[in-house]
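Structure in structure tokens, see below.
The values are calculated or read from the model by the stated rules, or taken from the named source; none is laboratory data. Every value quoted in this text rests on a predicted model; they were computed, and no experiment measured them. Here Cβ is always computed from backbone atoms with ideal geometry, including for glycine, and neighbour counts include all displayed protein chains. Just so you know, the surface numbers come from the protein's heavy atoms only, side chains and all, with ligands and any DNA or RNA stripped out. Shrake-Rupley method; radii C 1.70, N 1.55, O 1.52, S 1.80 Å.
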Amino acid sequence: MPPVETHGLRPESVRPRSLGELAAAVPAIQVRGDLDTTISGVAVSTKDLRPGELFVAIPGANRHGAEFAAAAAAAGAGAVLTDEAGFELASATGLPVLIVDSPRDRLGDVAAAVFGTDVHRPKLFAVTGTNGKTSVVHMIEAILRQLGIPSGLSSTAERHVRDLEVVSGLTTPEASELHALLALMNEAGVEAAAVEVSAQALSRHRVDGVVFDVVGFTNLSHDHLDDYGTMTAYLDAKRPLFTPQHGSRAVVSLDTPAGAELFATSGIPAESISADPAAAADWLIEVVSREPGRTGFRLSRSGQTVVESSVPVLGDHMAANAGLAIAMLIAGGVDGAGIAAALGRDGGIRMYLPGRIEKVSDDASPGVYVDFGHSPDAFAKSLAAVRAVTPGKVVMVFGADGDRDKIKRPDMARAAVDGSDLLIVTDHHPRFEDPASIRATLVRAAREHKPGFPVLEVADPKQAIREAMRHVQPGDSILWAGPGHQNYRDIEGVKTPYSAKAEARAALVEHGFGASENLATATAY
Ligand SMILES: CC(=O)N[C@H]1[C@@H](OP(=O)(O)OP(=O)(O)OC[C@H]2O[C@@H](n3ccc(=O)[nH]c3=O)[C@H](O)[C@@H]2O)O[C@H](CO)[C@@H](O)[C@@H]1O[C@H](C)C(=O)N[C@@H](C)C(=O)N[C@H](CCC(=O)O)C(=O)O
Ligand SMILES: Nc1ncnc2c1ncn2[C@@H]1O[C@H](COP(=O)(O)OP(=O)(O)OP(=O)(O)O)[C@@H](O)[C@H]1O
């Protein structure tokens, strides 16, 4: 079954809390209204509010959530929590109003108290870093499943509660949604879960009220400077995960300089991992084999192999992700010998990783990989991975996100040129930007970087992948970076249905090549 689209996951039953109880549990809440009013859930948006829930009205980037207080009342909200600025609009609804200095800062604690996740929750693994978060959390979940441990997942691509699969919105849900998800996991008997934590989530208090048993760090490279301005500020945004407020133990990759710094300054007990023997990390991850759809690895500690196995995705960076996933599980008390035995039994990590260097061609055709990479380092790593298994030429197709970090675009173009033999620049999510101007920046940067390098510009991505097909034959490869698992394109705020994987498969067939079976339907292990 493909993942279901839904707004606002909720546990089946929530013990209703009175506002008086809530005010006693969470400091600094003033209640204006009937203390006996009960609430049975928390929502930060009217789009997923249910009757009887507390609507938390937050000042947002565009408007104050209190502007939606009347809509919340009409949807059956039990009360509104807001700040002084939102009080007037909230009280005009006639609902009881709870006032705090900063509703976003209190949201996690309030949601934990209401959903009961302050008392009980699964063993939790959190992963942060610029690239690899989704991959690592999916690997943790896959291994938990192989061990027979009831598991859960929250990633950019999907959220899972055992066998229930739900499409994700944000990488890390708002705190109210996260605690509802954890409560649902409790009800479903989930014993351990992996959660992807973005820098934005930490900056915006989305994991407040959660202390993860093990937190992991993949890497830090150029991205999100639209949000953070400098790489130092970007790293600083990730630091709270490595403090007792959010983590008990850590496993940190030393493979980018930021990892070494984070490891040295971690506020909680930390172990290190690296792909470089010279780093002398606690864990060493080495690649032992490379195939188009599989990478073999050895994970060792103090010179002793702990797990030698494989992951069904291409790339040394994917082996690094697998090493981090296993080291985190072991740091969380899972037996390493048990992991080695389960992976040995199953022929490696058994997983489907949606849209991460996903091979959509069959073995007799040119290799066609659809990837979610959207940063210079992701391009460099994925192109190196594709090159390692491609005897012929490598064609790169990509477009940059509109209304996201503009500074990284020239570096993306340079990384694409450095790693490929032909570059086709196309459109991605223009959002509210002019797509022609995004393409112009990319084409200019690519041509300036390597004059004479073949660069084509094809605005429509459906045509761009078909143009790429005209340049390849078996033995060559195409990497289409950007769209990954996504099933839409964001054009002027409208999400137009679109699947790069489906387009790439169709283009293969039109050019007389074979496409792989659609693995998207084969997720239920
Ligand atoms: C900049 C940012 O984080 N924005 C988030 C924020 O939106 P906002 O502050 O603009 O909200 P707003 O439009 O001003 O509305 C104010 C309030 O009214 C509420 N509202 C709004 C409309 C309505 O009909 N009813 C309603 O109740 C909203 O829920 C919000 O609480 O609150 C919204 C509701 O939760 C989020 O959807 C939205 O994320 C946007 C979509 C976003 O793109 N965020 C990015 C930056 C992000 O967080 N990305 C990271 C991953 C990055 C990565 O690794 O690539 C992530 O974790 O996803
Ligand atoms: N360890 C890694 N180092 C560098 N690049 C990586 C690594 N792992 C994955 N990537 C690249 O980043 C892309 C996104 O991978 P993944 O979704 O796992 O990362 P992410 O951190 O979750 O990103 P996002 O937050 O944007 O979803 C991959 O498709 C690949 O191109």
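I'd like the full set of residues that are over 20 Å from Met469 (Cα atoms) and either of a type in the set (D, E, K, R) or more than 13 Å from ligand 1 (Cβ to nearest atom) (or both), limited to segment 368-378.
Just the residues of segment 368-378 that are over 20 Å from Met469 (Cα atoms), to begin with: 373-378.
Passing the criteria: Pro376, Asp377.
Separate question: Can you confirm whether segment 111-124 contains a residue that is open to solvent by 10 Å² or more (accessible area, probe 1.4 Å), within 10 Å of the chain's Cα centre (by Cα), β-branched (Val, Ile, Thr) and under 28 Å from Thr82 (Cα atoms)?
No: segment 111-124 contains no residue that is open to solvent by 10 Å² or more (accessible area, probe 1.4 Å), within 10 Å of the chain's Cα centre (by Cα), β-branched (Val, Ile, Thr) and under 28 Å from Thr82 (Cα atoms).
In the set Gly60, Gly78, Gly86, which member is within 19 Å of Gly8 (Cβ to Cβ), more than 9 Å from ligand 1 (Cβ to nearest atom) and not hydroxyl-bearing (Ser, Thr, Tyr)?
Gly78
Now a separate question. For segment 424-473, what are the residues that are of a type in the set (Gly, Ala, Ser) and open to solvent by less than 20 Å² (accessible area, probe 1.4 Å)?
Scanning segment 424-473 gives Ala445, Ala446, Ala464, Ala468.
Since Thr171 meets every condition but one in (1) surrounded by fewer than 24 Cβ atoms within 10 Å (Cβ to Cβ); (2) more than 14 Å from the chain's Cα centre (by Cα); (3) more than 20 Å from Val311 (Cα to Cα), which condition does it not meet?
(2)
Just one of the numbered conditions (1) at pLDDT below 95; (2) more than 21 Å from Gly367 (Cβ to Cβ) is not true of Gly514; which one?
So Gly514 meets the others, but not (2).
Testing Val397 on (1) under 20 Å from Thr441 (Cβ atoms); (2) in a loop (DSSP other than H, G, I, E, B); (3) more than 10 Å from ligand 2 (Cβ to nearest atom), one condition comes back false. Which one is that?
Of the numbered conditions (1) under 20 Å from Thr441 (Cβ atoms); (2) in a loop (DSSP other than H, G, I, E, B); (3) more than 10 Å from ligand 2 (Cβ to nearest atom), the odd one out for Val397 is (2).
I've got another one for you. With respect to Val386, is the statement that it is assigned to a strand (DSSP E or B) and open to solvent by less than 50 Å² (accessible area, probe 1.4 Å) true? Spell out how you get there, then give the answer.
Working: assigned to a strand (DSSP E or B): no; open to solvent by less than 50 Å² (accessible area, probe 1.4 Å): yes.
No.
Before we move on, is Ala192 closer than 22 Å to Ile349 by Cβ, touching a residue at least 40 places away in the same chain (Cβ under 8 Å) and either away from ligand 1 (no atom under 11 Å from the Cβ) or open to solvent by less than 40 Å² (accessible area, probe 1.4 Å) (or both)?
yes
Output the number of the condition that Ala415 fails; it satisfies all remaining conditions of (1) in a loop (DSSP other than H, G, I, E, B); (2) open to solvent by 10 Å² or more (accessible area, probe 1.4 Å); (3) within 25 Å of Gly129 (Cα to Cα); (4) in contact with a helix residue (DSSP H, G or I) (Cβ under 8 Å, 6 or more places away or on another chain).
(1) is the only condition that Ala415 fails.
For segment 195-211, enumerate the residues that are buried (at least 24 other Cβ atoms within 10 Å of the Cβ) and within 21 Å of Asn321 (Cβ to Cβ).
Val195, Glu196, Val197, Ala199, Ala201, Val207
Based on this model, can you work out whether Ser365 counts as assigned by the TED database to the domain that holds His224 and either out of contact with any strand residue (DSSP E or B) (no Cβ under 8 Å at 6 or more places or on another chain) or at pLDDT 95 or above (or both)?
Values: assigned by the TED database to the domain that holds His224: no; either out of contact with any strand residue (DSSP E or B) (no Cβ under 8 Å at 6 or more places or on another chain) or at pLDDT 95 or above (or both): yes.
No.
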